[in-house]
Amino acid sequence: MSVDGQRLYIVDCLKAFACLMIINFHSDILFPDQINLLAFGGDIGNNTFFMVSGFTLYHSIKRSEMCQIGYWYQKRLKRLLPMLILFYVSSIVIGDVNISKWMDIVTFFVFPTIYWFTGAILLFYPLLFTVEKMCSSQLRRLGCVILLILHILSDGILAERYFIGFIAMLIGYSLREYLENEDISLIRISRSFYYSMPLAWMLYLILKLLRKKGVRAFGVIHLGIGLTTITIAALFLIWGYINDGKIKRFFVKRQEIRYVIQTLSQVTLAAYLAGGFHDRMIMRIIQRYMSFPISYLVSLTTVILFALAISKIDRFIQRLLVEV
């Protein structure tokens with residue numbers, strides 16, 4: 001629900017933004033060395049998606065009791081698992097992933113390291129539900145502090161993505177809770193708000209440059225990147241929620257743009273999964289026969305078309321499951 005009872009347009013915009021950022025990040029081998037820094041956005045795309053997920057899960061969690069967590073989670077699994085299983089099995093069949101021992105099974109299916117993003121979603125959903133139902137706001141804030149510390153301690157390994165990602169989801173949920181319970185007519189966006197966005201982007205790019213040059217500062221640089229990505233996503237969400245009417249009027253006059261954004265927002269997860277195949281197989285072929293920027297445009301188009309095809313197959317499977 002939005003402020004006027006309809007779907008919030010900023011949700012689609014941010015999911016489309018996350019989709020493009022993730023694809024751009026995975027296109028790093030296509031960029032010439034001189035401008036390779038432009039292949040950024042994976043972290044901001046991931047955390048934006050997690051924040052939007054927390055934001056959109058607010059009502060369904062609020063309507064449910066703790067004893068209903070199994071049913072609540074089952075509904076989300078039905079939407080996620082068909083696509084995930086399709087990719088997992090396909091990766092093994094075509095030889096893109098080799099499972100030779102039991103630990104490979106754990107890291108692929110239970111705690112995914114190839115499709116870690118999907119593993120995070122499967123873990124975060126029930127965790128968010130449990131935290132909201134069993135923890136006070138003070139405990140949630142303490143939990144975020146603990147996760148930030150763990151993020152620094154685990155800098156450079158896969159786990160840190162989970163820590164900052166769950167913080168993003170918690171903040172997205174809390175933002176929805178705050179905005180839903182405030183009179184938005186009393187919320188004013190001051191000039192400092194508009195200054196904050198370019199400053200956050202500038203800080204993000206500086207930190208990314210430092211990180212690319214190998215500056216770690218005991219994990220503080222990476223933590224700063226995570227926090228600035230969350231800040232950027234939060235600023236977008238707040239602005240979009242308050243200005244939902246203006247965004248709606250913009251799209252009413254520009255249906256083509258609205259269609260593109262809605263399409264991208266619907267294939268965000270599929271685009272991430274498609275990128276797994278694309279990065280390791282198709283992109284290298286494109287790089288061999290095409291030069292930048294043609295290779296980049298072809299790669300971007302290929303991933304999106306692949307994601308659209310996967311989404312259509314997934315919707316077909318979902319309809320079959322409903323009928324069964």
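The values are calculated or read from the model by the stated rules, or taken from the named source; none is laboratory data. It should be emphasised that the depicted structure is a prediction, and the values quoted were computed from it without experimental measurement. For neighbour counting, all protein chains shown are included, and Cβ atoms are generated from backbone atoms with ideal geometry for every residue, glycine included. Keep in mind that these areas ignore ligands, DNA and RNA; they rest on the heavy atoms of the full protein, side chains included. Shrake-Rupley method; radii C 1.70, N 1.55, O 1.52, S 1.80 Å.
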Per-region count, segment 251-267, residues of a type in the set (F, W, Y) and surrounded by 17 or more Cβ atoms within 10 Å (Cβ to Cβ): 1
From the options F87, F40, residue that is of a type in the set (A, V, I, L, M, F, W, C) and assigned to a loop (DSSP other than H, G, I, E, B): F40
Candidates K312, K248 - the one that is free of Cβ contacts under 8 Å to residues at least 40 places away in the same chain and open to solvent by 60 Å² or more (accessible area, probe 1.4 Å): K312
Odd one out for T229, checked against (1) β-branched (V, I, T); (2) open to solvent by 30 Å² or more (accessible area, probe 1.4 Å); (3) at pLDDT 90 or above: (2)
In segment 113-148, the residues that are of a type in the set (S, T, N, Q) and either farther than 19 Å from H59 by Cβ or open to solvent by less than 20 Å² (accessible area, probe 1.4 Å) (or both): T113, T118, S136, Q138
Condition check for Y259: assigned to a helix (DSSP H, G or I) and at pLDDT 90 or above: yes
Residue that is least open to solvent (accessible area, probe 1.4 Å), among those in segment 28-87 that are more than 19 Å from T130 (Cα to Cα) and out of contact with any helix residue (DSSP H, G or I) (no Cβ under 9 Å at 6 or more places or on another chain): P32
Condition met for I167 (touching a Cys at 6+ places or on another chain (Cβ under 9 Å), part of a helix (DSSP H, G or I) and at pLDDT 80 or above): yes
Residue within segment 4-25 that is within 22 Å of R284 (Cβ to Cβ) and outside any helix (DSSP H, G or I) present: no
Checking L264 against (1) farther than 20 Å from G54 by Cα; (2) part of a helix (DSSP H, G or I), the condition it does not meet: (1)
